[in-house]
């Protein structure tokens, strides 16, 4: 690569324009417009683009397009030889602009766990107020939520009949659990309820950090500079002090061949006040677990052995970089629905004419299924009966005793409904469908992310997802399959299971999925009795189809350095100056929730840290 133009000096440089970066850059720019801030993002702007602001259009973002990057993992024996694929947001706003908009907050003990790693100020008593600060909870006036922030939370554009059916059956069938008005109060688990959404009740629009923290002031603050299609290569150091970044024109180089990229011109940007509090902020939220360790390693921060093997000059030997990769493992099981069911099928797979009525209603009043995400109801599920523990089996006993038994607010699984069929469905006629969906909150299996090329930011990564490597993860998903299926087959809108979307049970099995039927099973119907062979079929099914939830985190953990930590509690990278990492990669352990809410919390926490260091008032 050759050196090219050098941009002006900045007080703050954000190497990545995702959830955390947009929140913090926007907040700081708003309270101190004199701060010169540069935000670099490899992907494009998403300002007022339909597939991002119209909630139901998010399904289109699952397809191959420039607002998502697909990280391909190493083939895994635990996945029957499959190579897992993990999509990450690649646009201004990052994951907040492409995610499922599912409002889920972690358990309070998750953040208390973070604090116990030696991170004062990162416990639940400190972070829950930051979650509330970011949000405008439009569901009720509950004091457990925030009401003055820019990020809107609502029920979405339509109370669906299929979701009401689910809650009715849950109350009648599962006598060991109850219904909750608020399923996301940072405390209670094992209650069924409505699942809220990052959707504005009044406009019907997605609520992301790009629109609510950056685009809302881009015409009034010239000092907040956003450069999209700018791919960060590495951090520039002067000794141990970070002074700037190098980046490429992504529009030119993203699809270029290797030889062209080797000769690409690199642009440099520098932080101006090198003696006070200027900093470089690494790639943020959802892409953070991949982008941050990659940039650090290309910059000479990481395992000395790895860096030397790639001819990267070592700045700091920090072997924790790229380790501790975590995610959640999700499964969707398909079912036929009644013709009157409120599903997303027309919007997800329909023609423009079929979508038109939903779009017209959305334009008129921000309501209807276009202001929906298809995820309306569910439960944070935790074993509570002898039957539950028997189904989880001996494989789960150690995990339960070591992790869950003394943390009553931690659920093992999220289970609920999806009002449609996700993914690329090629063998199904058009119709009404829904899915049972469940994901594991705290997988025991832990992977890693490392670079394989010391210079090329487009080179594939050495990515070990580690999905289902631990047998207790397999046992938990098996339990979740059984629980989810028993509830769904009793719903009025149920018209049978889709055989290709379920385990292939042995011939003659009582649990066999038989296809379309005339109606549901009775509430008091006996549960399926699963044999040992049936359980093996479920496990094999999960190994064949389990996938990411887009919740990657942990690869630059906020831990002590001698415990393979990468950043301290002020988010400073160990061994260097003026360099912070602040995205989901800093999570030292998992959170039992979708990660958007935690990313917002990290953004608010980073804002507090920087305002103290910069002496900025009014935040």
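By the Kirkwood approach, averaging reciprocal distances over each pair of separate Cα atoms, the range 492-547 gets a hydrodynamic radius of 12.4 Å. In plain terms, the residue of 102, 558, 584 with the fewest other Cβ atoms within 10 Å comes first and the most crowded comes last, giving 102, 558, 584. Based on alpha-carbon positions alone, could you give the equivalent ellipsoid semi-axes of the range 156-205 from the gyration tensor, as √(5λ), descending, whole Å? Those come to 23, 15, 5 Å. With each label modelled as a point 7 angstrom along the Cα→C-beta vector, the residue 5-residue 77 pair spans 5.3 nm.
Computed from the alpha carbon positions, the gyration tensor of the range 282-434 leads to an equivalent ellipsoid with semi-axes of 41, 29, 15 Å, biggest first. Each 5 Å bin from 0 upward holds the following percent of the Cα-Cα pairs of the range 460-533: 3, 13, 20, 23, 16, 10, 7, 5, 3, 1, 0. Once the Cα atoms of helix 19-31 and of the chain are each reduced to a long axis, what angle between those two axes, in degrees from 0 to 90 to the nearest 10, is obtained? Once rounded, the angle reads 50 degrees. For the range 477-602, the fraction of alpha-carbon pairs lying more than 21 Å apart is 58 percent, rounded to a whole number. Averaging 1/r over every pair of different alpha carbons in the range 200-271 and inverting the result gives a Kirkwood radius of 15.2 Å. Every helix of 4 or more DSSP H residues in the chain counts as -39500 (n - 2.57), and over all residues that averages to -7500 deg cm²/dmol at 222 nm.
Projecting the alpha carbon convex hull of the range 348-412 along each direction and taking the average yields 7.5 nm².
Annotation: the residues 530, 247, sorted from fewest to most other C-beta atoms within 10 Å of their own C-beta, follow the order 530, 247.
Stretching the chain fully between residue 430 and residue 65 yields a gain of 129.0 nm (0.36 nm per residue, less the alpha carbon separation). Using only Cα atoms and rounding to the nearest 10 degrees, what angle (0 to 90) does helix 532-545 make with the longest principal axis of the chain? The angle comes out at about 40 degrees. Quick note on the chain: its Rg to Rh ratio, both from C-alpha atoms and Rh being the Kirkwood radius, is 0.96. The overall shape of the range 5-52 is oblate: from the C-alpha gyration tensor, with semi-axes ordered a ≥ b ≥ c, the ratio a/c is 1.5 or greater and a/b is no larger than b/c. Which angle between 0 and 90 degrees, to the nearest 10, do you get for helix 124-134 versus the longest principal axis of the chain when only C-alpha atoms count? Result, in degrees: 90.
Treating each Cα of the range 1-129 as one equal point scatterer and applying the Debye formula with no solvent, the log10 of I(q)/I(0) at q = 0.18 Å⁻¹ comes out as -1.18. When each of 160, 5, 338, 24 is scored by the number of other beta-carbon atoms lying within 10 Å, the sequence from fewest to most is 5, 338, 160, 24.
Kirkwood radius and radius of gyration were both taken over the C-alpha atoms of the range 81-227, and their ratio Rg/Rh is 1.02.
Taking the inverse of the mean 1/r over every pair of distinct Cα atoms in the range 145-236 gives a Kirkwood hydrodynamic radius of 17.0 Å. If one computes the Cα centroid of the range 119-173 and of the range 21-94, what distance in Å separates the two points? Using only Cα atoms, the two centres lie 23 Å from each other. For the chain, DSSP calls about 65 percent of its internal beta bridges antiparallel.
Any read-out appearing in this document is the output of simple, stated calculations on the displayed coordinates, not a laboratory observation. The structure displayed is predicted, hence computed values, not measured ones. Heads up, the Cβs are rebuilt from the backbone with ideal geometry, glycines too, and the neighbour counts pull from every protein chain shown.
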